[in-house]
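Please read the structure below before turning to the comments.
Read-outs throughout are calculated quantities, based only on the coordinates presented, and are distinct from any laboratory measurement. Just so it is clear, the structure is predicted and the values come from calculations on it, not from any experiment. Quick reminder, even Gly has a Cβ in these numbers, built from the backbone with ideal geometry, and neighbours come from all protein chains shown.
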Amino acid sequence: MNPIKSLIKDMTKKHGKTRESLLPIMQAVVEKEKYLSEYSMIEIARQVDIPAAEVYGTATFYSFIETKPTGRYIIRICKTITCAMKGKNQVLFAIQNMLKIKLGETTPDNRFTLLETNCLGWCHKAPAMMINDEVFTELTPEKVRDILTSYMKMSQINVN
């Protein structure tokens, strides 16, 4: 059996086949695959017995559930007014410059995906971003370049 189909089946056994179980099932798939593929959404719809459009609608509502493949490291930069007032745009330009990608894009080597997200909950230490599950606050262009350099070195080590 397909490993994703098996995971979805296990998750429906664990969480049930109700609308309330939709989010934990989707989160489990995203944890495994890094995104929710069309196949996964259709399979979830089948298992929970709801229209696939409803699964897609729920997936696209949440900013931490991706519906297309992403890089190994997902950079989410906060787009709140607080972050914007404290230099988010300069930080964003530094990231785009360093990685040579724009918002919504993934580097050609599939290491980094750059996204904006609503609030990360760190307004008191703005601007903020996340790389996968790690939060970085009080960012400056210099600090961001240092952070990305360390991630680039880590991914070089992990590739070899």
* Asked: K86: which lysines have alpha carbons under 25 Å from its alpha carbon, excluding same-chain residues fewer than 8 sequence positions away?
  -> K100, K102, K125, K143
* Per-residue ellipticity at 222 nm for the chain, helices alone: DSSP H runs ≥ 4 residues times -39500 (n - 2.57), over residue total, nearest 500 deg cm²/dmol? -> -16000 deg cm²/dmol
* Calculate one ³J(HN,Hα) per residue across the range 37-42 by plugging θ = phi - 60° into the Karplus curve 6.51 cos²θ - 1.76 cosθ + 1.60, and present them in order as whole Hz with x for glycine and proline. => 6, 4, 4, 4, 5, 5
* Pairwise label distance in nanometres, E105 with C119, each label 7 Å out on the Cα-Cβ vector -> 3.1 nm
